[in-house]
Amino acid sequence: MILKIIKTTHNFCLISILIFCFSQNRALSASKEPIISVLILKDKKIRIRSDRSIPLTIKGQRFSNKKIKGLTLKKQNNRTTLIFDKNKQKIYDLKNKEKFLVRSSDRRGIWVGQKRYAGKLNIFISDNHILVVNVLGIEKYLGSVVGSEMPAKWPLEALKAQAIASRTYALKQKGNPLYDIDSTNMNQVYIGLEAGTHKTKRAVNSTRSLVLTYENKLINALFHSSSAGMTENSQDVWKNKYPYLSSVKDFDKNNPKLRWNQKFSKSQLQKLFPRIGGINKIEILNVTSTGRVKNVRIHGDFGTDQISGVDIRKKMNLKSTLVRFKFVEDNEFKSLNDTPKLLSTNELENEPLTHIVRVGDTLIDIADQYDVSVEEIVALNNIKDSSIIKIGQRLLVPRNPLNSSSSPAKILVVSGFGSGHGVGMSQWGAKHMANQGAKAKTILKHFYKGVEIKPFKKYFL
């Protein structure tokens, strides 16, 4: 009997030790998971509340673990106020740079406006806005990001590729003082717990901690929706050249929104470009090897300006820089919109005009007469010395009657292909490759040249 008790006690102790060790390992594993700080809201009025009956806890300079159901922060004129749900008569005046921590023991998360978030919230009072930063483990964060960036019904291998790319991208951003990353498409989209599904969580869990590296450093894992056949070299969009972000073939032909048109009225163009009085002519100065616009010259009622393709995309809110411009009468737009067609660079330019040099003519005079640059005339005619032209000499002068201010055009039509900056992984291309049986690692190594896929280590940063 005594031996039996001793044996039972021994087994119990052994089980207890095993449970303790397992718990410690789990805690250790959880502690190793990187934490990400995400800016989820920047506004002048913010509403935060608990889910059902489980209260929130707020901590700050004036509150020490105060239990609340909800609160409202409001910035109006030069005053920032805080009001708790339970006692709406009590209004707290907040100072600039004051900060608070809000957390909950409820696994269902915390409501911020109409969205729910896991983890905890850091609230910062700035000069002009109230900032809400969601702080949570990166794997929990990614479950929502994958579902926010890519339809959850897409093939699992495409979702896994997105998870690895998004994990890499987020970790690459770490180190900013208030937050690591934005929750909009300025970085990558994150809309809270509702975006996470069983399938997106499976994609994240099955790739846990995996990141993309180049020469043992995290890459800048950029991605976009669709590139229309070829992705872009990073140096052709921005100044920085990354060897792993080079142009490769895309497989996005099945994207139903591959082709698109946008139109702009004269008044819209005047609002967008007030300094030069709108736009009545656009010249494409140069394009990348994939056909994306690098630089344009725009002509308005008050002058001209030169702008990059990246900047004009941002200014006009275009889907991509793989675009061409055409002025048409309003009633012509419907036919263009029915069958969008990206005009080639050659199609944008009509046959050049011929100018016969007369007495007193200079290249500057001729350029002013036809509203073109001297450089264009020199290049078109292969002139070696721009100071020497002869009377009677025939000079070719570029023209574009579709874009000229004398055209009876009413609206500007921008015809384009693809969506996004075109650099890195194409999401529609990833979907196609996954449908063809490609694994996530194959997809990633196609779009990011020369990379390795490894578990995350701190020295990768």
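The values are calculated or read from the model by the stated rules, or taken from the named source; none is laboratory data. Since the model is a prediction, treat every value here as computed from it, not as a measurement. Ideal geometry is used to build each Cβ from the backbone, glycine not excepted, and the neighbour counts take in all protein chains shown.
Just one of the numbered conditions (1) in a strand (DSSP E or B); (2) closer than 17 Å to Gln114 by Cβ is not true of Lys59: (2). Taken over region 370-395, the criterion of being among the aliphatic types (A, V, I, L, M), surrounded by 14 or more Cβ atoms within 10 Å (Cβ to Cβ) and assigned to a loop (DSSP other than H, G, I, E, B) is satisfied by Val372, Ile383, Ile389.
Of all residues in region 58-95, those that are more than 29 Å from Ser144 (Cβ to Cβ), modelled with pLDDT under 90 and surrounded by 10 or more Cβ atoms within 10 Å (Cβ to Cβ) total 3. For region 299-318, indicate whether the set of residues that are under 19 Å from Ser227 (Cα atoms), among the charged types (D, E, K, R) and surrounded by fewer than 19 Cβ atoms within 10 Å (Cβ to Cβ) is non-empty. The answer is yes, given that some residue of region 299-318 is under 19 Å from Ser227 (Cα atoms), among the charged types (D, E, K, R) and surrounded by fewer than 19 Cβ atoms within 10 Å (Cβ to Cβ). Taken over region 133-148, the residue count meeting the criterion of being within 20 Å of Leu101 (Cα to Cα) and in contact with a Phe, Trp or Tyr (Cβ under 8 Å, 6 or more places away or on another chain) is 4.
Does Val145 satisfy the criteria of being closer than 25 Å to Asn122 by Cα and in a strand (DSSP E or B)? Steps first, please.
Numbers: closer than 25 Å to Asn122 by Cα: yes; in a strand (DSSP E or B): no.
For Val145, the condition - closer than 25 Å to Asn122 by Cα and in a strand (DSSP E or B) - is not met.
When residues in region 319-330 are screened for being in a loop (DSSP other than H, G, I, E, B) and surrounded by fewer than 22 Cβ atoms within 10 Å (Cβ to Cβ), 2 of them pass.
Right, Ile191: touching a strand residue (DSSP E or B) at 6+ places or on another chain (Cβ under 7 Å) and assigned to a helix (DSSP H, G or I) or not? Don't jump to the end; show me each part of the working.
Numbers: touching a strand residue (DSSP E or B) at 6+ places or on another chain (Cβ under 7 Å): yes; assigned to a helix (DSSP H, G or I): no.
For Ile191, the condition - touching a strand residue (DSSP E or B) at 6+ places or on another chain (Cβ under 7 Å) and assigned to a helix (DSSP H, G or I) - is not met.
Listed here are the residues, each with its yes/no results for (1) farther than 25 Å from Ile181 by Cα; (2) β-branched (Val, Ile, Thr).
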{"residue": "Val38", "(1), (2)": "no, yes"}
{"residue": "Ile48", "(1), (2)": "no, yes"}
{"residue": "Gly70", "(1), (2)": "yes, no"}
{"residue": "Lys75", "(1), (2)": "no, no"}
{"residue": "Ser104", "(1), (2)": "no, no"}
{"residue": "Arg108", "(1), (2)": "no, no"}
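Within region 122-137, does at least one residue satisfy the condition of being over 23 Å from the mean Cα position of the chain (by Cα), within 21 Å of Val189 (Cβ to Cβ) and either among the hydroxyl-bearing types (Ser, Thr, Tyr) or surrounded by 15 or more Cβ atoms within 10 Å (Cβ to Cβ) (or both)? Yes, there is a match, as at least one residue in region 122-137 is over 23 Å from the mean Cα position of the chain (by Cα), within 21 Å of Val189 (Cβ to Cβ) and either among the hydroxyl-bearing types (Ser, Thr, Tyr) or surrounded by 15 or more Cβ atoms within 10 Å (Cβ to Cβ) (or both). Residue selection: Leu73 fails the criterion of being in contact with a Leu (Cβ under 7 Å, 6 or more places away or on another chain), assigned to a strand (DSSP E or B), of a type in the set (A, V, I, L, M, F, W, C) and over 26 Å from Val189 (Cβ atoms). Applying the set (1) touching a residue at least 24 places away in the same chain (Cβ under 8 Å); (2) surrounded by fewer than 17 Cβ atoms within 10 Å (Cβ to Cβ) to Val146 leaves exactly one unmet item: (2). Looking only at residues that are free of Cβ contacts under 8 Å to residues at least 24 places away in the same chain and charged (D, E, K, R) in region 196-248, which one is surrounded by the fewest Cβ atoms within 10 Å (Cβ to Cβ)? Ranking the candidates gives Lys239 first. Selection of first residues in region 298-313 that are on the phi > 0 side of the Ramachandran plot and of second residues that are outside any strand (DSSP E or B), restricted to Cβ pairs under 9 Å at least 6 apart or on distinct chains, gives the following pairs, ordered by first then second residue: Gly303/Arg275; Gly303/Ile276; Gly303/Gly277. Checked across region 108-116, the condition of being in contact with a strand residue (DSSP E or B) (Cβ under 8 Å, 6 or more places away or on another chain), basic (Lys, Arg) and farther than 28 Å from Ile54 by Cβ holds for no residue.
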